[in-house]
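K.L.:
Provided herewith is a single structure, encoded as structure tokens, for subsequent inquiry.
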Amino acid sequence: MIAAALTFAFACYGIGVLICLWRVIFAPSIPDRVLALDTMVVNMIALIVIYGISIGTGLYFEAAMLFAMTGFVSSVAYAKFILRGDIIE
């Protein structure tokens, strides 16, 4: 039963990543692209965690945490660049 649930979760989050990628490419404005990119990072974190559950190792949970921190910092930097035009003051 857990294998079927993991397969369903892989499919759902995979489709979510593809939809967010489409939104990043074809969004009408820059804030929409930033939001889609941040949502895509969250979906990728979920995929990494689900893969760690399916393999049965804790290494992927640490990788997901590093990916989350990198995604957060990049989202903040991109938003700051949009607002001010400069990242480092």
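Just so it is clear, none of the values below were taken in a lab; they were calculated from the coordinates. Bear in mind the structure is a predicted one, so any value in this text is a computation, not a measurement. We place every Cβ from the backbone using ideal geometry, glycine too, and count neighbours over all the protein chains shown.
K.L.:
Quick test for you: out of Leu47, Leu18, pick the one residue that is touching a residue at least 12 places away in the same chain (Cβ under 8 Å) and not β-branched (Val, Ile, Thr).
P.N.:
It is Leu47.
K.L.:
Quick one: count up the residues across region 22-32 that are part of a helix (DSSP H, G or I), within 24 Å of Gly85 (Cα to Cα) and not acidic (Asp, Glu).
P.N.:
Matching residues across region 22-32 total 6.
K.L.:
Find all pairs meeting these conditions: Cβ atoms under 6 angstrom apart; at least six residues apart or on different chains; first residue within region 53-82 and on the phi < 0 side of the Ramachandran plot; second residue hydroxyl-bearing (Ser, Thr, Tyr) and part of a helix (DSSP H, G or I).
P.N.:
From residues that are on the phi < 0 side of the Ramachandran plot, the pairs are Tyr60/Tyr51.
K.L.:
With the checklist (1) over 14 Å from the mean Cα position of the chain (by Cα); (2) of a type outside the set (S, T, N, Q); (3) loosely packed, with under 13 Cβ neighbours inside 10 Å in hand, flag the one item Ala9 doesn't pass.
P.N.:
Of everything listed in (1) over 14 Å from the mean Cα position of the chain (by Cα); (2) of a type outside the set (S, T, N, Q); (3) loosely packed, with under 13 Cβ neighbours inside 10 Å, Ala9 misses just condition (3).
K.L.:
For the condition of a type in the set (S, T, N, Q) and assigned to a loop (DSSP other than H, G, I, E, B), what is the one hit in Thr7, Thr39, Thr57?
P.N.:
None of the others qualify; the one that does is Thr57.
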